[in-house]
Amino acid sequence: MPPLRSTGTGPEADDPQYAGRYRLEGRLGSGGMGVVHLARSPSGLRIAVKVVHAEYAVDPEFRARFRQEVAAARRVSGAFTASVVDADPDGERPWMATLYIPGPTLSEQVKRNGPLSPDEVRRLAAGLAEALRDIHRAGVVHRDLKPSNVLLAGDGPKVIDFGISRPYDSELRTETGKLIGTPPFMAPEQFQRPREVGPAADVFALASLLVHAATGRGPFESESPYIVAYQVVHDEPDLTGVPDDLVPLIRACLAKEPADRPTPDAIMAMLPTPEPGPVTTSPVPGRNPIPAAGSLSPSYPSPSSSSSADGDSRPRSRRLPALRRVAAATAAAVALIAGGAWVMEEVEDLGKQPAHHSRPTPAGSSWRPWETSVLADPAGNGEVRAGFCTYADGALYCAGRGVHAARLDAASGKVAWRRAAPGGDRPGPGVSGARAPRVSGGLVHALSPDKRELSALDPATGEPRWTRDVSAYDGRVYYAGDTVLLVAGDGVITAVDGATNRERWRHALPGGIKPVFSFYGRDAVGVALAPDGRHTQVVGIDPVRGTTLWRWTADGALTAVGAGPNGSVYLSEANARTQVSAVVRYAPGIGRERRIPLRTPLDASSVMAKGDVVYVLSSDGGLTAVGTAELPGRPAGELWRMETSVANASALVAGDDGRRLYFSAADGRLLAVDAGQGTLLGQTSPRLARAGRGVLELLPEPVVADGKVFGAAPDGTVFAVSERNPAGWR
């Protein structure tokens, strides 16, 4: 729908009524570069939509800067930022939509209530160091970290406003003679060598910000920005009033030379341990719920009778303690405008909603979401130690670093048994070599981290029933129901009974191909790239008998991604740059092929099919739906595309009814998307490893079963939430 404009001569006359498909419900505030509107996604999520002023929309330089802001915001993980829901930087009026973030800015908090306590400053330092670590890992330098760009949310600080940030590999450079930033929080090199600004500048700004949080002022103070610039470059900082145990760290971060400053990881290692608890935020009574047009000041509700002051004893989410203590809860709309950050808030009486833990689900009115760990040391030493799980007969079977397999009760999360991984933690630190166990022939199959041994365990006790040396197969172990398919390096396939370990058959496939197997319906579908690199050989076999049911040689490099109606098979086609360029539907019974090219090739991290639609999750966070059938009013081709803000994601998983898609982010969030409309339905809070050492080669995909969605996070936790209401996830 095209943007609709208001009429009249006031400041609202130029306001559009829509940004893309989002109807703008009201103006929350405005600034020099644009206007922030309150809006809702089609699923009901509140979002803040920033729309650029018309006069700047025609400025190519501003458009380039806004496009860079959107790109930077998408690149960061989302754990410590306002996640981008959608954006159109190339539209007639560029716009970007972000999720609401609970909490005031640090600037507002200090202005209202004075400096933070020493423990609050320590917690703030730890949270912001984690934030910078993840932002820098995404290849972004913020360049304008300051109190007004930090939100004190219930689950930790959030860094906002990427309007002047730059990816390391960006070709958009600071113009000669222009200094971009906020002088009291700029590093010396931003004044002296603005073209050479790197991650160390954010570390300098972090230290200045912490001084402000602890004292109410910065380490360099003057009414003149020119004097402040001189002080930053030449003078020693004033650290009077900073907690003594933080002075050495802050002084190191304020080193004049970038190379002398610690990294975010080093900052976390140097920080003294704070007392548990959040940074406490306080409401200011007597303000209006929504600021008047043009106001940039946040507003807060008055304390209500439903606040904790009257002894409210309802269960509380462990991740939102500060938010629940603030009277009646406040939802903050975050808008990021180049040259400044705006924070507008709207009061919403969340106290009327039942606590998440008591919300009934399809599993029964007494069921509650749960969280547990199958790992012996869940993030105890800060390493990335995610679990990989599968579901069968009311139980979750999980594996992870140091854990060969464990059984969890799907209803309660209680661990029934756990077996240590053979050889202990053989993979490198923080890198999981585990796979999710599989249930085959009534037994729990677990592959050792080094891929040398396959064990079949009793599901009730975890005791081994049989083991098999699979070192010759280098991890090429596939499951087709109760049959295990082992593919050797020479292409010979050995089929094993999952219950007894007896060999069912052994032979090579026609043409001697060495396939990658997927199992759909009654067939095991094997796919292998032909030696010429321009064709793909696809076969369907009976996994029990080993007979070839059908064969097909297709053009291009194809990968099986799912099954469709009437026994059809879906595959994705990759171009020479390994981007997904088309979706292919093949019907084995009649030998009919249909190829649907994508408008733009995608760097895919996950592709899956459900019904007659194929979904492509891109490494840049985009999610695209491709219809493969000609339906009334819906031709084959791309149906929708949305931005998820998740650049590093797990494989996509569909709910049983196909109405929702689920995937996990590297920060431990579980996200739900409406499969028909392409809108975000909800997400859980991040669950990160404490010190963040190590990386995951593969993120655990969610598991959907029995009206629940099960997720696994880098901090070692496994958790369950209701599939019914993603908007209420915590």
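Brief remarks on what is shown
- Extension reserve of the Glu61-Asp706 stretch, reckoned as 0.36 nm per residue once the Cα distance is removed: 227.0 nm
- Over all directions, the projected convex hull of the C-alpha atoms in region 203-273 averages 4.7 nm² in area.
- Sites Gln579 and Thr263, calculated FRET efficiency, Cβ-Cβ separation with R0 22 Å, nearest 0.05: 0.10
- Each of Gly489, Ala499, Leu509 was placed along the dipole of region 458-509 (beta-carbon charges, centred on the mean Cα), and the one lying farthest toward the positive end is Leu509.
- Site pair Asp244 and Ser222 shows an inter-label distance of 3.2 nm when each label is modelled 7 Å from Cα along Cα→Cβ.
- Remark: the Cα gyration tensor places region 510-661 in the prolate category, a/c being 1.5 or greater and a/b exceeding b/c.
- Cut-off 18 Å (backbone N to label point 7 Å along Cα→Cβ of Lys451), residues of region 511-532: 514-518, 527-529
- Radius 15 Å from Cβ of Ala675, net charge of other residues (Lys, Arg +1; Asp, Glu -1): -1
- Counting only residues at least eight positions apart within a chain, or on another chain, the lysines with an alpha carbon under 17 Å from that of Lys146 are Lys111, Lys158.
- Taking only the Cα atoms of region 41-109, the ratio Rg/Rh comes out at 1.01, with Rh defined as the Kirkwood radius.
- Residues whose placed amide H lies under 5 Å from that of Arg724, excluding near-sequence neighbours: none
- Between Ala472 and Asn113, residue separation times 0.36 nm minus the direct Cα-Cα distance comes to 122.6 nm.
- Computed FRET value (nearest 0.05) for Gln192 with Asp620, which takes r as the C-beta separation and R₀ as 45 Å: 0.85
- Only Lys, Arg, Asp and Glu carry charge here, each on its Cβ (+1 for the first two, -1 for the last two); on that basis region 626-730 has a dipole of about 380 debye about its Cα centre.
- Between region 96-156 and region 444-484, the alpha-carbon center distance in angstrom: 46
- Legend: translational diffusion of region 465-514 by Stokes-Einstein, Rh = Kirkwood radius over C-alpha pairs, 10 °C, 1.306 mPa s; D = 142 µm²/s.
- With q set to 0.11, 0.18, 0.19 Å⁻¹, the log10 of I(q)/I(0) for region 582-664, from the Debye formula over equal scatterers at the Cα positions, is -0.30, -0.78, -0.86.
- Linear extension gain, Thr553 paired with Arg634, 0.36 nm per residue minus alpha-carbon span: 26.2 nm
- FRET efficiency, 1/(1 + (r/R0)^6) with R0 30 Å, evaluated for Ala587 and Ala508 via beta carbons: 0.70
- Principal axes of region 418-562: Cα extent on each, largest first, Å: 46, 35, 26
The numbers here are math on the coordinates, done by the rules we state, and not lab data. Since the model is a prediction, treat every value here as computed from it, not as a measurement. All Cβ positions, even for glycine, are placed from backbone atoms using ideal geometry, and neighbour counts span all protein chains on display.
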